[in-house]
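Chemist: Let me begin by handing over the structure; questions about it come next.
The values are calculated or read from the model by the stated rules, or taken from the named source; none is laboratory data. Treat the numbers as computed from the prediction; the structure is a model and nothing was measured. Ideal geometry is used to build each Cβ from the backbone, glycine not excepted, and the neighbour counts take in all protein chains shown. Accessible surface is based on the protein model in full, side chains and every heavy atom, while ligands, DNA and RNA are left aside. Shrake-Rupley method; radii C 1.70, N 1.55, O 1.52, S 1.80 Å.
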Amino acid sequence: MPLDIVVVMDPIESITIAKDSTFAMLLEAQRRSHRLWYVMPGGLGLRDGNAIATMAPLTVRDDPDGWFDLGPASQFDLGPGHVVLMRRDPPVDNDYIHDTQILSLAQLAGAMVVNDPQGLRDYNEKLAALLFPQCCPPTVVSRDPAVLKAFVAEHEVAVLKPLDGMGGRSIFRVVHGDANTNVILETLVGEGSLAMAQRYLPEISEGDKRILLVDGEVVDYTLARIPQGDEFRGNLAAGGRGEGRPASDRDRWIAAQVAPEMKRRGMLFVGLDVIGDYLTEVNVTSPTCIRELDAQFGLNISSGLFDAIEARVAATA
């Protein structure tokens, strides 16, 4: 039975389709003859307590010269029969939080939202990893520069980062005694913002691996984002090179620690970031790497996601 797939995403005209996981999901939904709807930027709202969306019918094609067509936009109530893919990139700012609150009302009205909007609010992608301390490297989170500085001194080398960044932005590798430490802390903590310090993991030279979970099941291959040149960050957005690898036994152990909680909370598509033997982040907002892994290993990761979506819709019909 065709579903109405409603996508909330960053502007579709600006994406790079060879790397965009949302686009992979849309291609699979269309292949299954589901109807696609594109929520116009800023198009979520409320009317008399009902979640509404200004959205346009969407068609997609795997063509870098022209990958989408939109029909005329109209305003609709969100409710039964709608499957909403919430795929906006961070930061998880006030606008993002407000959109998830609207989507929670859509959910109450009968729409299915992927990932669950309450989970999107609850799981900061840096802090969520600390729900599984057995998987994580030594870590401290604080607003106090002295606490963060003492952590650097204890571990000699540490990575400092804000809690709301993405794509490797504002991540610093700090060595004890570095003359820039104070200004880095001022930049991160500012007027009282929380920042995270983790022990530096030299295994980053071998890649920051992305493990994907689809409805609690681990994908058999990971994408190692390998730093290039004099860059210590592996993020693809920071110039890292993506290299697919089979999931290791340790990768699968970490996934097994995290997956039951993610599935319980309705997080159908999750990305785990692993350096060496350690979990560093749990990505729930708009995890990527589908397209790269599909291309390297002949996979169709989105197919598993839509199997799960369709099964859940059928179970509530």
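Chemist: Please get the size of the charge dipole for segment 81-131, origin at its Cα centre, with Cβ charges of +1 on Lys and Arg and -1 on Asp and Glu, quoted in debye to the nearest 20. Mind showing how you got there, number by number?
Modeler: On the way: 4 positive and 7 negative charges, 20 e Å.
With only Lys, Arg, Asp and Glu charged at Cβ, the dipole is about 100 debye.
Chemist: Using amide H atoms built in the peptide plane, which far-off residues or other-chain residues are under 5 Å from Thr222 H to H?
Modeler: Arg245, Ala247
Chemist: May I ask you to evaluate 6.51 cos²θ - 1.76 cosθ + 1.60, the Karplus curve with θ = phi - 60°, for each residue of segment 288-301 and list the ³J(HN,Hα) values in order in whole Hz, giving x for glycine and proline?
Modeler: Taking θ as phi minus 60°, the curve returns 10, 4, 4, 5, 5, 5, 4, 5, 6, 10, x, 8, 9, 4 Hz for segment 288-301.
Chemist: Between rounded, prolate and oblate, where does the chain land on the alpha carbon gyration tensor, with a ≥ b ≥ c its root eigenvalues, rounded for a/c under 1.5, else prolate if a/b exceeds b/c? Mind showing how you got there, number by number?
Modeler: On the way: a/c = 1.91, a/b = 1.59, b/c = 1.20.
Because a/c hits 1.5 or more and a/b exceeds b/c, the chain counts as prolate.
Chemist: So what does Arg35 come to for accessible area, using a 1.4 Å probe and Å² rounded to 10?
Modeler: 110
Chemist: Within segment 38-56, what residues put their amide N at less than 15 Å from the label point 7 Å along the Cα-to-Cβ vector of Gln101?
Modeler: So the set is 44-52.
Chemist: How high is the relative contact order of segment 98-249, given as a whole-number percent (alpha carbon pairs under 8 Å, six or more residues apart)? Mind showing how you got there, number by number?
Modeler: Numbers: 221 pairs, mean separation 27.3, N = 152.
In percent, rounded to a whole number, it is 18.
Chemist: Rank these by accessible area, largest first, 1.4 Å probe: His34, His98.
Modeler: Numbers: His34 15, His98 95 Å².
The most accessible residue leads, giving His98, His34.
Chemist: Could you tell me which of rounded, prolate or oblate describes segment 3-136, using a ≥ b ≥ c as the square roots of the eigenvalues of the alpha-carbon gyration tensor, with rounded for a/c under 1.5 and, failing that, prolate when a/b is larger than b/c and oblate otherwise? The partial results should precede the final answer.
Modeler: On the way: a/c = 1.85, a/b = 1.20, b/c = 1.54.
The shape class here is oblate.
Chemist: Okay, moving on. What number of lysine-lysine pairs in the chain show an alpha-carbon separation below 24 angstrom, given a sequence spacing of 8 or more or placement on distinct chains?
Modeler: For the chain, the number of qualifying lysine pairs is 9.
Chemist: Per the helix-only calculation at 222 nm, which mean residue ellipticity applies to the chain, given -39500 (n - 2.57) for every DSSP H run of n ≥ 4 and division by its residues, nearest 500 deg cm²/dmol?
Modeler: Working: 8 runs with 92 residues, N = 317.
Computed mean residue ellipticity for the chain: -9000 deg cm²/dmol.
Chemist: Another question, then. When the accessible area of the chain is computed with all protein chains present and a 1.4 Å probe, what percentage of it is carbon and sulfur? Walk me through the intermediate numbers first.
Modeler: Working: 7000 of 13950 Å².
Carbon and sulfur together cover 50 percent of it.
Chemist: Moving on. When a/c reaches 1.5 or more, the comparison of a/b and b/c decides; with that in mind, is segment 155-201 rounded, prolate or oblate per its Cα gyration tensor? Could you put the intermediate results ahead of the total?
Modeler: Details: a/c = 1.89, a/b = 1.22, b/c = 1.55.
Judged from the Cα gyration tensor, segment 155-201 comes out oblate (a/c at least 1.5, b/c at or above a/b).
Chemist: Taking the Cα centre of segment 192-301 as origin, sum charge times position over the Cβ atoms of Lys and Arg (+1) and Asp and Glu (-1), and report the length of that vector in debye to the nearest 20. Present the calculation step by step, with values, prior to reporting the outcome.
Modeler: Details: 13 positive and 17 negative charges, 51 e Å.
Charge dipole, segment 192-301, about its Cα centre: 240 debye, nearest 20.
Chemist: Considering only protein heavy atoms, what per residue accessible area in square angstrom results for the chain with a 1.4 angstrom probe? If you can, show how the numbers build up before the last one.
Modeler: Numbers: 13950 Å² over 317 residues.
Counting only protein heavy atoms, the per-residue value for the chain is 44 Å².
Chemist: Per residue of segment 62-76, what does 6.51 cos²θ - 1.76 cosθ + 1.60 with θ = phi - 60° give for ³J(HN,Hα)? Whole Hz please, x for Gly and Pro, Karplus curve as stated.
Modeler: 7, 9, x, 8, x, 9, 7, 9, 10, x, x, 7, 9, 9, 9
Chemist: For the chain, what relative contact order do you get, as a whole percent, if you take Cα pairs closer than 8 Å and at least 6 residues apart? It would help to have the intermediate numbers written out before the result.
Modeler: Details: 619 pairs, mean separation 54.7, N = 317.
Once normalised by length, the contact order is 17 percent.
Chemist: Rounded to the nearest 10 degrees, what's the angle between the helix 94-108 long axis and the longest principal axis of the chain, both from Cα atoms, 0 to 90?
Modeler: For helix 94-108, the angle is close to 40 degrees.
Chemist: For a label point 7 angstrom out from the Cα of Arg35 toward its Cβ, which stretches of segment 87-116 have the backbone nitrogen within less than 17 Å?
Modeler: Those under the cut-off are 110-112.
Chemist: Please report the spacing between the Cα centers of segment 130-190 and segment 298-317 in Å, no decimals.
Modeler: With segment 130-190 and segment 298-317 each reduced to a Cα centre, they are spaced 39 Å.
Chemist: Here's another thing I want to ask about it. In debye to the nearest 20, how big a dipole does the chain give about its Cα centre with +1 on each Lys and Arg Cβ and -1 on each Asp and Glu Cβ? It would help to have the intermediate numbers written out before the result.
Modeler: Working: 29 positive and 44 negative charges, 74 e Å.
So the dipole magnitude of the chain works out to roughly 360 debye.
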